[in-house]
Structures are given as C-alpha cells and as structure tokens.
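Chemist: Below are the structure tokens for one structure; questions will follow.
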2 protein chains.
Amino acid sequence: MTTQGSRPTGDVVVQKYGGSSLATVSQVRQVADRVGALARSGRRVVVVVSAQGDTTDELVGRAEAVNPRPAGHELDQLLATGETASAALMAMALQRGGLAATALSGARSGVLATGPHGAGVIVAVDTDQLRTLLDAGRTVVLAGFQGVTAEGDIITLGRGGSDTTAVAVAAELRSGHCEIYSDVPGVFTADPRVVPDARLMPDIDIDVMTEMAFAGARVMHARAVELAALYDVDILVGRSTATRTGTRIHRRDGNDMLEDRTAVSAVVHDADIARITLRTHDTPDPSADVFRFLAKESIPADMTTVSSAPDGGFSLGFTVRRSHAADVGRSFSDLMAPRPHGVEVEDQVAKVSIVGQGLLSRPEYASRMLASLVGSGISARSLTASQLRVSVTVPRSDAVRAVGLLHSEFGLGAEAGAVPASLTPRP
Amino acid sequence: MTTQGSRPTGDVVVQKYGGSSLATVSQVRQVADRVGALARSGRRVVVVVSAQGDTTDELVGRAEAVNPRPAGHELDQLLATGETASAALMAMALQRGGLAATALSGARSGVLATGPHGAGVIVAVDTDQLRTLLDAGRTVVLAGFQGVTAEGDIITLGRGGSDTTAVAVAAELRSGHCEIYSDVPGVFTADPRVVPDARLMPDIDIDVMTEMAFAGARVMHARAVELAALYDVDILVGRSTATRTGTRIHRRDGNDMLEDRTAVSAVVHDADIARITLRTHDTPDPSADVFRFLAKESIPADMTTVSSAPDGGFSLGFTVRRSHAADVGRSFSDLMAPRPHGVEVEDQVAKVSIVGQGLLSRPEYASRMLASLVGSGISARSLTASQLRVSVTVPRSDAVRAVGLLHSEFGLGAEAGAVPASLTPRP
C-alpha cells in the first residue's frame, strides 16, 4: 500500500461496525445514533460497515446451491452486494437523524485492490473523493470487505476484510486511529466461552495482537492488525453498544512493559485448521514450489516445519484453514508427481498458542507449555515458536481443555499474579 | 440514446428474464439450461436479469424501515444490489453447465444513464467490453434496471427498467431482436385474470403495444417498447419456461393489417392511478410550470386534459401513478401559491383503455366505448383519445366490469369476428 494526499486529517475518526452489530433495523439505528452524536460533536467520521448479520453466509449458500464451485469474479460480485447494501442502509439511517451522509460502494470508495478473487489485497486508497466529501461536512459510509481493481472489477478481501478496509482508510487519511466495533467487548486472555475466568485486556501491544489474530483470535482480522502495525494506526476494539471502552491495540514502549507481570499475554486456539505434511525422498527440495503455489493461491500457511534426514528423507509441514486442506493436499500430489512422495492431511487437529513478548528469550515458556499439556495427557504433534508466540497442534477434542490448562498455567485469569515477576522490559 | 460501434452483431440474442422466473435455485438453473442450449447452438447470448423474486420489494421495505424518505443516491445503491446479485448467480449457473460466462454489474455493464435517482434514463450503451467478451466466446449476464452516470454513480431506471436495459443493449448491439421472458405467456386482449376468454395475441404492432404498455398492460415496460419502436428492435414476449412462443411485437406493414378483423386490439386497465385536477382563475396559464415540474421529477402523466372557460376559469387534469399522487398534489399547491387555486386528487379511480389502430379515424369506437359503459351504469369521468388508444377514468370499483364489457363489445374474445370487417389497411 502506498499513502497518498497530504492534507492533515487528524480530526477524522474511522469506525468499523461488524455485521452482528447491524443485523436488525434497530441496531442500524443505534449505530447511526452513535455516529451522529460523534459527528455533531465536531469530528469528521468515516464509517466502514460489514454486511448485515448472516448476509455473507446466506449469499455463499445461494451461490453454492447454484454452483458448488463458482468463479471468483462472479462470487465476488455477489458477496460485495452485502456490504454495499449495508452501507446504503447506514447512510439512510444517518440521513434520517438529520446528518449529511453519503454511502460509497467498493466500486466508488477509492479502495484499490489486487490479487485473486476472494482474497484481494489493498494496494492503495484513493482518498480524493473521501476528503472532498468530508470537507463538505458529510459523514461517509464505506462498504467494507471490497475494493476495485485497475480494470474496474470488484474484488473481495476475504473474511474479516472490513477490518482491513477500516485500517487502510485510517492509514491513508493519516488519522492514526481506528475503532473496530462488534459484539465482542474487546481482546481477552483466552476465549471467554472456553475459559470462564478469561480477562478483558485494557490494552495490548500491536505486535502481540498480530500474532494473536494469526493464531486464531477472532476478535480482529490478522491482516488488519499487520497493516495497523505497519502504518502506526492505533486500534480500539470494543462493543458497538459501548463507548470508548474495550481494548486499545497500540505500540507499547519499554515503560509500559514494566507494568507487565508476565510475558505471556493470552492463550489462543483455532479449531478450524488442518495440518498438511509432505514427505519425499531423494528428490530436489520442493519447498520453493510449495510456497510459490501457496502464494499464488493466497493460502496463508502457519506453523511451517521443514526437516531433512541424513538418508535423504525430507518433510515439510504446515497448517492451513480446514476449508483449504483437501484442495492443497490434492494440488501437492499433482505438484510432486511423478516423484515418489506422500501427502498427509490431518484434519482432526487444533492449534493452541500462547502469545506474548520475549517468549524465545526465556525458553522456559515453551517447555512449561509442553510439560503442562503432556502432564494432562495431551500430545502436542507439532510445535513452532517465535519471540511473540508458541503454537502447538493438539487433537481437536483436547483443544478446549488445553486452553484452560495453559490459561491457568500462565496465571492469566482474574487471579493473575501467580507467575513470578521476573521479566524485564524490552530494550 | 446514441448508437456506438459498427461491427455487425446480427447473431447476438439479447434475452431478459424477470424476477418471477429467477425466484428459486431451480428456476435459475432452468433458465441457465435454456441459455446454455442457445449458446451451444452457436448463438452469442447476452442475458439481462432482474432481481430474484420479491428482492426489490424486500429491499424497499428495509430502506423504509430505516428511513421513510431515503436519499435517492443511497436508495439506488441499495436497490441495484438485487440485480447485481442476480446476474452473478445466473453466470455461476451457466458456468456450472460448462459455459464460459461473465456477470457484469450496472457499474461495469456499459449502460450509461442520467436523470434523477430512481428514474434514470439510458443515454447510451458502451458496448466495447460487451463485444470483447462476446467475441471471446463468452455469454454475458448483465444486471438490468441500472446504469452508471458520468460521475460513476449507480442510478436505477425505475420499475420494469430491466426491459429497457435489454432493449437498449439489443439496439446498441444492432441485433434487431430482443426476447423478454417472465411468468406471463405473452400479450393478451385483456388481463386474463379479469376476462376469462381473453386471447393471447401471436403478434401486435409495436406502436399499439407502446400505447398498451402506457395504458397499464403489465407485460412490458412502456419505455422499453418505445425504445424498441425507435430503434427497430423486434420483441418476443413469452414465458421463461416456453421456447420461442408468445407474442411478437414488431412494426406491422399494410399487408399484415389486411388480416385484422377489427381495429381494436385489446382492452387494458390500470387501477394503480390517481387523477389530479388543478383549477385556477384569472391567472397566467400554469401549464408550462406544471409540465416543467413533472419533467424535473420524472413523473409520467397520462390523460392530460386542459380547458379554459370564457370567464377566465382554467383547469388542467391528468393521471399519475397512485404513489405519486399525494406528492404531486402537495407540490402543485406550493407551485400555485399565493395565486387562488384548487387541487383535486381523485384516488379512487382506474383507467380503462381500448388500444388499436385508426381509432380516431373511425369515431364510432369512442362513442361505442362510452355507450357501452353508460349503458351498464358506469360513469366515465374523463376521456382522452388518440389514433392508437381511447382511455377513460371510471370508479375503481367498476374497473373490472368495464374491462369485461368492452372486451365483449369489441369482439375480442375467443368468439372473435362479431365486429364487421370494415377496416382498411393503413396507407
């Protein structure tokens, strides 16, 4: 993404509202009331909306009923109508409250995107029209989740893409701040449906949040957090019915770190994954081919492990979204043929991760994690570790239990403080 | 509208499918099967689709729930999603059948439009992309009912606008022919729900059809027929489940006329109207102001009558869609103030018309029409006549009876032939 324009727009607030906050007429009106109050207080507001309620799922269902494997161009045209309609309705609701408001579809929003259909990447946001409308005193409502290619085609950004739209618009408008509202009150130390004493975190470092999102925390889209980190956009994640409470996601400096009592911030699990392992023998290393394929298809892979044995045996493993597993497995068999190889698809696994800071600087975290799981009879099949995250795959049926164990092991619950405060701030 | 391009495209078929023919997945597939068979026979096909089933009504309902008076820009953005989604689904269904198919939304279709939101007028169709896709062997599915302004905004063409889209595309592609499919088998001598012995007409003169459509025949949109007349596009109107049967709407020459046994072709009624009468005294003639207002608001008026009395009294009356009546009445009171005036809105009337050829050449048609109604105790409150149509307003409660009377009076039923064959062809 490149930034354009130079006029200062520090007084612009970009707010994104998720589909669950817009499912009914009364919800649309409630959000319009919030936005209206903010606009009347003198702020210039850009609202990014998702499709209402379950609209996207319904549209996918209609597409699949007509054609189980629809072309991306047509599927994107269909799905984009969800957010386009939602933006129109939100602008109408704002107009009803007496506000000057304009809805823009993806084709008109200035969000320029590229990449395969269904997994578009924002290239830039042409903010000229946006600034003109804001300067004219209008509140602008953008259809999230979609952009327009250089050829004029609509392309969708993949699930959660509306978060990315909001952050990209905030970045290009140089507002430095973006608010993401949904039915979730903020970022928790673990999924509160799984761990009853999970705590809401008032703030979290943006790099840690990137890892959390990638590890499966559903509160925010991973790409959106990465973009925010890259362009120094602070994010507030909160409930659409609350005001300015929730979790602040920002770049924490050393002084903030002093207040932390542990380097492990949260436990995240993701049951919607499969692990794929490719094994070959006595052939050229296929890694480059494999990653080229994944990049071309825009399939994000996590927990990559590569190993080669002295006897020439080679194995390459990673996790993907479960919906991608069968396709990837099949494509790899094609890719490797006629070389001798085996492709293993494990689709009864889940990913469980601890996220935090300096996790590799203190190797006890990975070992405590494994010891805790093994001590309770849960086998970790694969492990990857970085400074910000340690992830393991476990049998899916053990995932919930694993999250509870680790949340307690690292003292993340309401009774936090059990972990020795032996940590020093980052330099 | 201006025509562009010059390559011959006589082998292109433009087919339009109405919302009732696309309401369910199985209907979408049935239509796709038809289109697929045609494409495989070697024809190049452009399909124009309406929104599925009651989608447009549902979207209007959602808009009204959020804002009873939404801005046109936002309402158009919302409504256009119906046809855009429908086009995507139809293209997917065609792809499932192995056909190369591309869906285009209004923003991409090349249909250039202008005018107020909700009542756009097609200015031109930029067929470059359409021709490129057709030349590449692709079947193209266009979202009907919508066009794009020079500024890039989506504008809808008003109810029935998908018919207009189809005819405009056929005209600009110089295909000379357009097929309009819905759940109606064709054009009848009267509404068969009202007149049991109404006959399906195998063909009808296009000028007569223009009058029929304007008089309230719902089978085709009046503007679409006018456009077809202007650009010499033949139309076939039929059921989406039948093949090449229905009513052919085309310019009939004198020889065809010889076969007619009566100049009255059909009886048409329209209960969705109101009559507005403006009365003033001793003021400048307000007609120009009134028609300027109607043109600006794109409100079609019919059955215009103007009368002025020697004492300076002046009255101007016309019919409009019932949904426009209250607005028009109120606007006229504003327009006339502070001059003394009265505005009468009759909203319990219906329009009943006979359509055919040479109706004024033989004044007995109007007099037989009135005599027949009066003889059955039905009062005609106003009357306008042209060569192609004589219309009266009657109390709405008498409309159905009036249609039956006139259908029988002019011998249009299955027992046709009662009217003397005294007619000569047009020169």
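Chemist: Under 27 Å from the Cα of B:LYS351, which lysines turn up, not counting those fewer than eight places away in the same chain?
Modeler: Partners found: B:LYS296.
Chemist: Give the residue list of GluC sites (Glu not before Pro) in the stretch B:122-200 that are DSSP loop and have at most 12 other beta-carbon atoms within 10 angstrom.
Modeler: Here the sparse-neighbourhood loop sites are B:GLU151.
Chemist: Give me the inter-chain shielding for B:103-111: mean count of other chain Cβ atoms within 10 Å, whole number please.
Modeler: Mean inter-chain Cβ contacts per residue within 10 Å come to 4.
Chemist: Ok, one more. For chain B, what is the mean residue ellipticity at 222 nm derived from helices alone (per DSSP H run of n ≥ 4: -39500 (n - 2.57); sum divided by total residues; nearest 500 deg cm²/dmol)?
Modeler: So the calculated ellipticity at 222 nm is -10500 deg cm²/dmol.
Chemist: Based only on other Cβ atoms within 10 Å, what is the fewest-to-most ordering of A:VAL328, A:VAL49?
Modeler: Ascending number of Cβ neighbours within 10 Å: A:VAL328, A:VAL49.
Chemist: What is the percent of Cα-Cα separations in the stretch B:12-183 that go past 22 Å?
Modeler: 38 percent
Chemist: Contact order normalised by length for the stretch B:12-183, with contacts defined as Cα pairs under 8 Å and 6 or more residues apart; what percent is it?
Modeler: Dividing the mean separation by the residue count of the stretch B:12-183 yields 30 percent.
Chemist: Let me ask another. Hey, what did chain A get for relative contact order, percent, Cα under 8 Å, at least 6 apart?
Modeler: 14 percent
Chemist: Sticking with this structure for a sec: Only bridges whose two residues both fall in chain B count here: according to DSSP, what percent of them are antiparallel, nearest 5?
Modeler: Taking every DSSP beta bridge with both residues in chain B, the antiparallel ones total about 60 percent.
Chemist: Let me ask something additional. I'd like the antiparallel share, as a percent to the nearest 5, of DSSP beta bridges with both residues in the protein assembly as shown.
Modeler: Of all bridge pairs located within the protein assembly as shown, approximately 60 percent are antiparallel.
Chemist: So what are the ³J(HN,Hα) numbers for the stretch B:339-348, from phi and the Karplus equation (6.51, -1.76, 1.60; θ = phi - 60°), rounded to whole Hz, Gly and Pro as x?
Modeler: Residue by residue, the stretch B:339-348 yields 5, x, 6, x, 10, 10, 10, 9, 10, 10 Hz.
Chemist: Taking the convex hull of the Cα atoms, report for the stretch A:23-116 its projected area averaged over all directions, in nm².
Modeler: 6.8 nm²
Chemist: Where in the stretch B:258-329 are there chymotrypsin sites (Phe, Trp or Tyr not before Pro) that are in a DSSP coil and have at most 11 other Cβ atoms within 10 angstrom of their Cβ?
Modeler: Those that pass, being in a loop and sparsely packed, number zero.
Chemist: For B:ARG251 and B:ASP126, what is the calculated FRET efficiency with R₀ set at 25 Å and r taken between the beta-carbons, to the nearest 0.05?
Modeler: After rounding, the FRET efficiency stands at 0.40.
Chemist: OK, next. Three principal axis extents, largest first, for the C-alpha atoms of the stretch A:138-295, in Å?
Modeler: 59, 47, 32
Chemist: Here is a further query. What per residue convex hull volume, in Å³, do the alpha-carbon atoms of the protein assembly as shown yield?
Modeler: 200 Å³
Chemist: Which residues' amide hydrogens lie under 5 Å from the amide hydrogen of A:LEU360, considering only partners 5 or more residues apart or on another chain, with H built in the peptide plane?
Modeler: A:GLN387
Chemist: With an 8 Å Cα cut-off and a minimum separation of 6 or more residues, compute the relative contact order for the stretch A:80-155 in percent.
Modeler: After rounding, I find 39 percent.
Chemist: Now for a different question. Highest GNM mean-square fluctuation, chain B, Cα pairs closer than 10 Å: which of B:ALA107, B:ALA242, B:ALA213?
Modeler: Taking springs between Cα atoms under 10 Å, the residue moving most is B:ALA242.
Chemist: How far apart are the B:ARG279 label points across copies, placing each 7 Å from Cα toward Cβ, in nm, shortest first?
Modeler: Label-point distances to the other copies, shortest first: 9.8 nm.
Only the coordinates and a few stated rules stand behind these numbers; no lab work does. Quantities reported herein were computed from a predicted structural model and do not represent experimental measurements. Here the Cβ is made from the backbone with ideal geometry for all residues, glycine too, and neighbour counts use every protein chain on show.
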